[in-house]
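Here's the structure we're looking at; comments come further down.
The values are calculated or read from the model by the stated rules, or taken from the named source; none is laboratory data. Note that the structure is a prediction, hence the values are computed from the model and not measured. FYI the Cβ positions are ideal-geometry reconstructions off the backbone, even for glycines, and counts take in every protein chain you see. Heavy atoms of the whole protein, side chains included, go into the accessibility calculation; ligands, DNA and RNA do not. Shrake-Rupley method; radii C 1.70, N 1.55, O 1.52, S 1.80 Å.
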Amino acid sequence: MTRTALVTGAGSGLGALAARRLAAAAWDVVAVDVDADGLAATARRSPNLHTRVCDVTDPDAVARVVAESGAVHRVVHAAAISPLGAALEQPLAEVERVLRVDFLGTVVVARATLPGMLARGRGELVVFSSLGAWLPGHLTSAYASAKAAVNAFVEALAVEHRGSGVTFRCVCPRQVDTPMYRAIAARHPAATGGAKGMPPGRVLDAVERSLARPEDDLYVFPDALTRATVTAKRLLPRATRHVIAARTDPHRS
């Protein structure tokens with residue numbers, strides 16, 4: 001049986017690698033992004049990888065892509081933006097755009113794809129969030145807020161559709177070595193804590209392992225450092241906030 005995957009944010013970074021990996025594993029892949037050139041690069045030499053230029057914040061456009069794709073067995077929703085700015089200074093239009101792309105884009109994609117999975121009684125909805133949703137730092141208020149909303153939304157979906165046969169995963173990596181992160185780190189080296197991004201392949205490996213685990217295993221923390229950081233936030237919230245604040249202070253020497 002042909003399996004179809006819909007991958008958003010497939011023009012670069014995690015989305016592009018996820019699309020290529022699925023295509024190499026004989027999935028029929030529909031790769032979505034607003035970046036036509038990036039999609040073309042992702043699809044090169046992959047005859048079973050089909051590209052669609054589409055804005056995930058446009059419900060009609062996403063619905064058309066899903067209708068053209070047929071039954072979707074796995075969704076990998078990686079589309080996101082992350083411009084940095086101080087909480088009281090970041091332009092309101094930019095904050096709204098982050099919320100529209102990162103959070104409302106997730107809602108739009110889920111609403112377009114999940115009903116078909118529920119009707120068939122099977123499917124996988126994999127959504128990328130961030131460690132930043134659990135531990136906001138300097139200049140990340142819009143991005144962290146949007147990703148925290150993503151966490152809450154996916155958790156609500158998992159509660160509402162428990163036992164449906166659909167598997168939900170909310171992936172929360174620390175910094176990932178993608179073109180987007182490298183650009184942010186170049187502009188704001190202190191605010192990113194000087195951290196080197198983890199390899200995207202390691203994140204996707206963790207996702208694949210998680211899909212073999214029980215349905216209720218909702219959150220995916222891809223490496224030991226990410227898991228330790230989330231645990232520290234739960235057990236020692238004040239100390240952890242102080243560490244993150246110090247490490248991401250753009251004015252630190």
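Net charge within 12 Å of residue 196 by Cβ-Cβ distance, Lys/Arg positive one each and Asp/Glu negative one each, not counting residue 196 itself? Can you show the working numbers first?
On the way: positive: 174, 182; negative: 177.
Once all neighbours under 12 Å are counted, the net charge is +1.
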Long-range HN-HN contacts of residue 138 with modeled amide H, under 5 Å: 248
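Write down the accessible area per residue of region 4-247 in Å², having rolled a 1.4 Å probe over the full set of protein chains.
46 Å²
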Residues whose placed amide H lies under 5 Å from that of residue 50, excluding near-sequence neighbours: 29, 30, 31
Cα→Cβ-extended label distance, 7 Å offset, between residue 249 and residue 122, nm: 5.5 nm
Gain on full stretching of the segment that runs from residue 89 to residue 152 - 0.36 nm per residue minus C-alpha separation: 20.1 nm
Computed E for residue 196/residue 1 - FRET, C-beta separation, R0 51 angstrom, nearest 0.05: 0.80
Distance in nm between pseudo-label sites at residue 216 and residue 162 (7 Å out along the Cβ direction from Cα): 0.6 nm
Mean Cβ neighbour count within 10 Å, used as a protection proxy, ranking 45-52, 232-239 highest first: 45-52, 232-239
Between region 205-253 and region 81-146, the Cα center-to-center distance that results, in Å: 17 Å
